[in-house]
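Only one structure is covered here, and it is reproduced in the block below.
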Amino acid sequence: MLLQSELSKFQVNHKEVHPSNELLRIDLHCHDHNSNVPDELMGRILNVPETWLPTDQLIHTLKKHGSDAYTITNHNNARSCFELLDKGFDVLVGAEFSCFVPDFETGIHVLTYGFTPSQEIKLNKFRKNIYAFLEYCVSEDIPTIWAHPLYYYKSNGRPPLEFFDNMALLFERFEVINGQRDTWQNLLVNKWVEGLTNEKIDMLSTQTGLNPGMFCKDPYKKSISGGSDSHMGIFCGLTGTNLYVPDLDEKRISSPVSLLALQAIREGKMIPFGSHHSYEKMTVTFLDYLCQIAINGKDPGLMRILLHKGTINDKIIALLISNGFAELRKHKVTMSFINQFHECFTGNYPHFTKRWFTPRVYKPVFDETRKIADAFNSEAESMISSFTGSINSVYQQLVSVLTSRLQSKLDSSKSKELLEHLNLNDLLNQLEFPSEIRGYISGSRNRLDKSRPDILSPDIPKFLDGLSFPFLAATVMLSAHFTAAHVMYKARPLLNDFSERINYLQHPKRLMWLTDTYGDSNGVSSVLKSMLKQIQQQNLPIDLVICSGTIKPEKNLVVLRPVSEFSLSFYKQQTLRIPDFLELNRLFMEGGYDRIMSSTEGPMGLSALYLKHAYTVPAYFYIHTDWITFGQKVLQMDKQMSERFRRISRAFYKKFDGVFVLNKDQHKWMTGKKMEINSDSVFLTAHWAEAWFKPTKSSKAKLFGLEDSDPVLLFAGRISLEKGVMELPQILRTIREELPDVKMVIAGEGPAEEDLRKLLPDATYLGWVSPSNLAEIYSAADLLLLPSRFDTFSCAVLEALSCGLPVIAYNSKGPKDIIQNGINGFIVKNQGNFASRILEFLKSKEMQKIFRKAASVRAKDYTADRIIWQLMSDLGLPNTALRSDE
């Protein structure tokens, strides 16, 4: 809303004060098929032009969108303009030159008008040095405009802000509304240009030692322009410039419109126009571009890819992209869809008879693509919203078909039998893929190395049977969204610095926290609910975005409906939920987020990395569970598979800009040789206990049906193997040899409950207990037992201490950071020590009294305010939380 408001102010300030019959409407920045050598490295490696758009189609659309004068600004050439002139068509000669700023090692784009073929040769010679280029332009009276000033090319890093001081002295004209940039970037450029007063120019000239008179006719006169920067021709003419030409009707009689336009540009009589948008236009553009690559692209050749300039990663990506499009072209149904999509983007409707031969399940897709053609032929004001609505609808329908068919495959008896017997060791052992491409195509092992039975040779064609079209088509659409966002916001760090420097439209600092376990019944869910409560109470700039089909949204809790849900046979307790990535894109943009946190490693963790690379924002990961130890203890991973799992985990966590851990052991592990994460990127955090966890008057008789004099040992938590519950029977037997009246109370439920009841039939089982009722249970017990060996934190320990209940636990991870051995509990090495320390404690009433008091004192070190203050500081967010010790 702020951006729209600021744009409205801009439009009011530049409202046309001249009669409409004295204005020439022109798009000063558009391309056609002669933009055939892209600036982007990947395009050059793949040998694809920036567009295949025919010149006559571009001119036709410009006329449709109301242009009075015409120019085509292809990269580093004016071939299209010269060809039109040869045909007798009046066009302003123009080009967009890729120029290099040598002292900053940065590439920029410069729109240039009114030159001859011989001057074009010299311009291409001089463009390797922007200073020589502009000196030549001034000497030849060739007007220039700095195109999209916040978009640049640089091999490493970004230019310093001083770069803009130099550019302010070099240019007279600046493109402040670019149709492929978002409103934020356009308004930032306009605000910066507004600040280039005479005094500012003189000051910058003194600071830099540059004489602006060498590069500008009038260094103090700054003017602004607009252009669509359209490559596909879809949005050409919708963003542009109104050129003021006094007595236009009279001058048209004796002078060509192109000459009148050129003179208006020279004199800076320009009024830009355009509308508000974010990355929607770029998405439509890239979707059509991907369609055209699939239709028109050719094999770039392996030698070209290998020998071309670029890193190994660039070449691997290029090879994957090339093979991806090659496979796409072999799929006739998908290519038919892509052709139809492209035709609709140019306003051409598919013939109605095509619908007759479209399978019933895809008829809604066919109907929606016709609406894309409607959008192209609609009013300019509604075009982009119509495009976006139709594209999103097609994507939803494709994903719906895909997930439905995929679920049917998984529900087949053969798949069920396979999945039922799948274990993690087998899965990790098979997690290797053939390096021979033939292995993917044939799905046959007989062409592979038979000495490597561990290599997975998936029969992809067979698996994709019935899934190919919705999968490939949806992938193309999602790729367009990702690419559009990445290209639009890859300069985000510079945009942030730039907005801060000019003190205008600084992007809000707001965190999107992703998770798909919020609604589960486990410790992680409880922690997230406590975090949400603090976010709401302290009005923190954080939203939890969860993937759930049942939970209702509330303040700071955004609910993303899953497109699919399933569980794995070796860990059925955890449901995996697949989010809608287009909806996730929309939420990220509309929420105004500029950083991401994820606290689950599955689909939402991958979603965080998707957003990180799409929007060039920092991403953090909050580790709740030690999955490596969990895999060893619970999922029975052997040593070899544990090592493979560790490497996979390391590769995953290192993709994040920061990792939050819950204990010192984990911090040491993450920064050590096994995980190799920079120590500056690993942050130590903690949990806190809710306010209701405090010493409470309670009765053992009322709560447990026991005598108040009975010594009570308590276990509170999930009754599962990883929690060490199967050690409780032996521990209790050892204790009862000396203290036969000791009672055991179990609060919780879980998959191991039935086995535990068999071994410990005389214990009191309370079942699941709501968190608000746990305080009186903690207060009634004499000692909390935590036999788990891999808890990363253990909220139960902190909750118990908060209620004045001492705790005994093994010397591992989270608990040993919280419990002060011999002061408010015990840290032990083995099962024997576990039992002996319990006996020591239960035999001493004085020790129990001292420990209870010390437990309450220790719990006060873990307050929500203190923990959140540190968390916000580590995340670089505005810190409204107050430390409890301040």
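The values are calculated or read from the model by the stated rules, or taken from the named source; none is laboratory data. A quick note: this is a predicted structure, and the numbers were derived from the prediction, not measured. Because the Cβ atoms are built from the backbone with ideal geometry, glycine has one as well, and the counts that use them run over all protein chains shown. Surface areas here come from the heavy atoms of the whole protein model, side chains and all, with no ligands, DNA or RNA. Shrake-Rupley method; radii C 1.70, N 1.55, O 1.52, S 1.80 Å.
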Taking the stated definitions as given, is THR55 buried (at least 22 other Cβ atoms within 10 Å of the Cβ), in contact (Cβ under 8 Å) with a residue 12 or more places away in the chain and either more than 36 Å from the chain's Cα centre (by Cα) or closer than 30 Å to ALA294 by Cβ (or both)? no
Just need a number here: residues in the range 494-544 that are closer than 20 Å to SER873 by Cβ, outside any helix (DSSP H, G or I) and either of a type in the set (Gly, Ala, Ser) or in contact (Cβ under 8 Å) with a residue 60 or more places away in the chain (or both). 11
Subset of the range 690-732 [open to solvent by 20 Å² or more (accessible area, probe 1.4 Å) and β-branched (Val, Ile, Thr)]: THR696
Selection within the range 765-783 - open to solvent by 30 Å² or more (accessible area, probe 1.4 Å) and not in a loop (DSSP other than H, G, I, E, B): TYR765, LEU766, PRO771, SER772, ASN773, GLU776
Residues being buried (at least 23 other Cβ atoms within 10 Å of the Cβ) and in contact with a Leu (Cβ under 6 Å, 6 or more places away or on another chain) - total across the range 582-596: 2
Out of the residues in the range 797-812 that are touching a Leu at 6+ places or on another chain (Cβ under 7 Å) and either open to solvent by less than 20 Å² (accessible area, probe 1.4 Å) or part of a loop (DSSP other than H, G, I, E, B) (or both), state the one that is farthest from LYS664 (Cα to Cα). LEU805
The range 139-183: number of residues that are touching a helix residue (DSSP H, G or I) at 6+ places or on another chain (Cβ under 8 Å) and small (Gly, Ala, Ser): 2
Members of the range 376-403 found to be in contact with a Phe, Trp or Tyr (Cβ under 6 Å, 6 or more places away or on another chain) and of a type in the set (Phe, Trp, Tyr), listed by number: none
If we keep only residues of the range 649-668 that are in contact (Cβ under 8 Å) with a residue 60 or more places away in the chain and under 19 Å from PHE790 (Cβ atoms), then the residue surrounded by the fewest Cβ atoms within 10 Å (Cβ to Cβ) is LYS664
Quick check: anything in the range 814-823 in contact with a Phe, Trp or Tyr (Cβ under 7 Å, 6 or more places away or on another chain), outside any strand (DSSP E or B) and in contact (Cβ under 8 Å) with a residue 40 or more places away in the chain? yes
Can you tell me which of (1) touching a residue at least 12 places away in the same chain (Cβ under 8 Å); (2) in a helix (DSSP H, G or I); (3) not small (Gly, Ala, Ser) is the one PRO300 doesn't meet? (2)
Of the residues HIS276, HIS231, only one is surrounded by fewer than 22 Cβ atoms within 10 Å (Cβ to Cβ), under 29 Å from the mean Cα position of the chain (by Cα) and either in contact (Cβ under 8 Å) with a residue 12 or more places away in the chain or within 26 Å of ASP141 (Cβ to Cβ) (or both); which? HIS276
Looking at PRO603, is it crowded, with 23+ Cβ neighbours inside 10 Å and modelled with pLDDT under 95? no
Kindly indicate which of ASP680, ASP708 is out of contact with any Gly (no Cβ under 8 Å at 6 or more places or on another chain), free of Cβ contacts under 8 Å to residues at least 24 places away in the same chain and either of a type in the set (Ser, Thr, Tyr) or closer than 29 Å to LEU532 by Cα (or both). ASP680
Qualifying strands (runs of 3 or more DSSP E) (wholly inside the range 570-666; at least 2 residues being basic (Lys, Arg)): 571-578
Residue within the range 384-401 that is buried (at least 16 other Cβ atoms within 10 Å of the Cβ), at pLDDT below 85, in contact with a Ser or Thr (Cβ under 9 Å, 6 or more places away or on another chain) and part of a helix (DSSP H, G or I) present: no
If you check ILE838 against the conditions, is it β-branched (Val, Ile, Thr) and either in contact with a Lys or Arg (Cβ under 9 Å, 6 or more places away or on another chain) or closer than 26 Å to THR625 by Cβ (or both)? no
For LEU210, state whether it is under 26 Å from GLN57 (Cβ atoms) and either open to solvent by 70 Å² or more (accessible area, probe 1.4 Å) or at pLDDT 95 or above (or both). no
Working only within the range 498-525, note down all residues that are among the charged types (D, E, K, R) and open to solvent by 50 Å² or more (accessible area, probe 1.4 Å). GLU500, ARG501, LYS509, ARG510
Among the residues of the range 674-715, the number that are closer than 15 Å to LYS664 by Cα and touching a helix residue (DSSP H, G or I) at 6+ places or on another chain (Cβ under 7 Å) is 9
Looking at the range 108-129, which of its residues are closer than 18 Å to PRO149 by Cβ and either polar (S, T, N, Q) or at pLDDT below 95 (or both)? THR112
Just one of (1) without any contact (Cβ under 8 Å) to a residue 12 or more places away in the chain; (2) assigned to a helix (DSSP H, G or I) trips up GLY88, so point out which. (2)
Search the range 279-305 for residues being among the β-branched types (Val, Ile, Thr) and farther than 23 Å from ASP27 by Cβ, and hand back the single one that is most open to solvent (accessible area, probe 1.4 Å). ILE295
Mind checking which residues of the range 839-860 are open to solvent by 60 Å² or more (accessible area, probe 1.4 Å) and either small (Gly, Ala, Ser) or closer than 25 Å to LYS723 by Cα (or both)? GLU840, ARG852
Consider SER836 carefully, then state whether it is open to solvent by 30 Å² or more (accessible area, probe 1.4 Å), part of a helix (DSSP H, G or I), within 30 Å of PRO541 (Cα to Cα) and among the hydroxyl-bearing types (Ser, Thr, Tyr). no
Looking at this structure, is HIS29 within 30 Å of ARG252 (Cα to Cα), touching a residue at least 12 places away in the same chain (Cβ under 8 Å), open to solvent by 40 Å² or more (accessible area, probe 1.4 Å) and in contact with a strand residue (DSSP E or B) (Cβ under 6 Å, 6 or more places away or on another chain)? no
Six or more apart or on different chains, Cβ atoms under 9 Å: show the pairs whose first residue is in the range 241-256 and over 28 Å from PHE174 (Cβ atoms) and whose second is assigned to a helix (DSSP H, G or I) and open to solvent by 30 Å² or more (accessible area, probe 1.4 Å). ASP249/ASN21; ASP249/GLU22
Say whether the condition of being more than 16 Å from LEU785 (Cβ to Cβ), in contact with a Ser or Thr (Cβ under 6 Å, 6 or more places away or on another chain) and open to solvent by less than 40 Å² (accessible area, probe 1.4 Å) is met by at least one residue in the range 733-755. no
